[in-house]
Amino acid sequence: MESAEPSSPTSLRIALVCPYSLSRPGGVQGQVIGLARAEGAAGHRVTVFAPLDDPRDAPGGIELVPTGRSTPLPANGSVAPVSLSVRAAARSLATLESAGFDVVHVHEPFTPGLPYGLLVGRHVPPLVATFHRNGGSILYTVLGPLARRLAERFAVRAAVSESARSTASHALGGTYAVGFNGIEVDRYRNAAPWPTARPAVLFLGRHEERKGLGVLLEAFELLRTQPAGAASTGHAGRPVLWIAGDGPRSEGLRHLHPESSDIVWLGVIPEEEKIRRLAGADVLCAPSLGGESFGLVILEAMAARTPVVASDIEGYRAAAGECAVLVPAGDAAALAGALDGVVRGRLAVSADGPVGDRAGTRDRWLSAGAERADRWSMDRLAEWYTGWYRKAMVGPRV
């Protein structure tokens, strides 16, 4: 890859390609939308290309070209809402090839839909590819050596974490710039907290096995047997569990743990409500069993100055530093104890175990988390990517 700075205008014309429907909340979708806003605020013109199932779901503050409606496909233990419309992909590819973009930044490039078109298009601007996946993909297996050859079209390969880099490198070879997932820090820091009169535990995520919601519900049943008390934030009474999202385990888990005054099934919630509930919760619980390349939701909670209890898995350790309470994955009893300790202000950092009920300890802990979240700000990520965009532009066009 060339290292010289390209001779180009300061402002860039950037296409961001997301393979997953913006009508469904998800980590990749959030990264693309946030990056589009941050690059736009930096003076660049950005257009997002992504599937959209309902025009009312179009996010504000971005220029969007829909690439068809989505079809759910199993992927990496989850379900990926991708567009399989060949006509929509061809139409979007024609726009990408003719609209004068300086660079095309595609996320999860080996995903069905428009990303496939980019791999075979004849007049595509320089391609920057970002890999998010942690763990193998059947697509890499099916494509085999062809995937490695197609990957040579990327002017820049980036990964959101070391584990994502390792996954992509094992499948495709090549070298990768390791960046990070970004968060729109100010949106979380300045959010109006969702009102609650009781201590609130919040779960955000898809209802599937690897996300650990079943373990959290077991832990919450244990937590409900504890005597009611006052939370460290001043809320009184028994905790309430807010469960956002949906998925293949929703129906079964709701049957075992029905809606009540203590358990609230929210379903899929808008982004603004998600941010406000993060700010209003007494603790964010991320009980995943594995398969997380990076714990973005942990940093979002830290930016909102909300304590975090999470599974002690690689991706979450990388995000949390020493600013979250980490417990063994799948251990409902340990999870219940950690949640109880954090809600009551008795547990501050996982490495040192319980500490005293001192407001200063909690404040220092939350301040350290907020400072850590600042390191992953979307503005910093946009600046990082802009450097790679410019380097991609001086290489050979594909």
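The values are calculated or read from the model by the stated rules, or taken from the named source; none is laboratory data. Only a predicted model underlies this, so the values are computations on that prediction, with no experimental measurement involved. Note that each Cβ is placed from the backbone with ideal geometry, even for glycine, and that neighbours are counted across all protein chains shown.
Within the stretch 65-84, if we keep just the residues that are of a type in the set (S, T, Y) and touching a strand residue (DSSP E or B) at 6+ places or on another chain (Cβ under 9 Å), the residue that is nearest to V128 (Cα to Cα) turns out to be T67. Among what's in the stretch 142-160 and is over 21 Å from the mean Cα position of the chain (by Cα) and under 27 Å from L296 (Cβ atoms), pick the residue that is modelled with the lowest pLDDT. My answer is A147. For the stretch 247-272, residues that are under 28 Å from R305 (Cβ atoms), part of a loop (DSSP other than H, G, I, E, B) and touching a strand residue (DSSP E or B) at 6+ places or on another chain (Cβ under 6 Å) total 2. Considering (1) assigned to a helix (DSSP H, G or I); (2) touching a strand residue (DSSP E or B) at 6+ places or on another chain (Cβ under 8 Å); (3) more than 18 Å from A382 (Cβ to Cβ), the lone condition that R56 does not fulfil carries the number (2).
Scanning the stretch 99-116 for residues that are under 21 Å from the mean Cα position of the chain (by Cα) and of a type in the set (D, E, K, R) yields one hit, E108. Among the residues of the stretch 179-204, those that are in contact with a Lys or Arg (Cβ under 7 Å, 6 or more places away or on another chain) and either surrounded by fewer than 16 Cβ atoms within 10 Å (Cβ to Cβ) or of a type in the set (K, R) (or both) comprise A192, R198. The conditions of being exposed (fewer than 15 other Cβ atoms within 10 Å of the Cβ) and without any contact (Cβ under 8 Å) to a residue 24 or more places away in the chain are met by G267.
Here is a yes/no grid of residues against (1) hydroxyl-bearing (S, T, Y); (2) crowded, with 22+ Cβ neighbours inside 10 Å; (3) in a loop (DSSP other than H, G, I, E, B):
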residue	(1), (2), (3)
R91	no, no, no
L96	no, yes, no
G100	no, no, yes
H105	no, yes, no
P109	no, yes, yes
P112	no, no, yes
P115	no, yes, no
V124	no, no, yes
V128	no, yes, no
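Evaluated against (1) assigned to a helix (DSSP H, G or I); (2) touching a Phe, Trp or Tyr at 6+ places or on another chain (Cβ under 6 Å); (3) at pLDDT 95 or above, G315 falls short on exactly one condition, (3).
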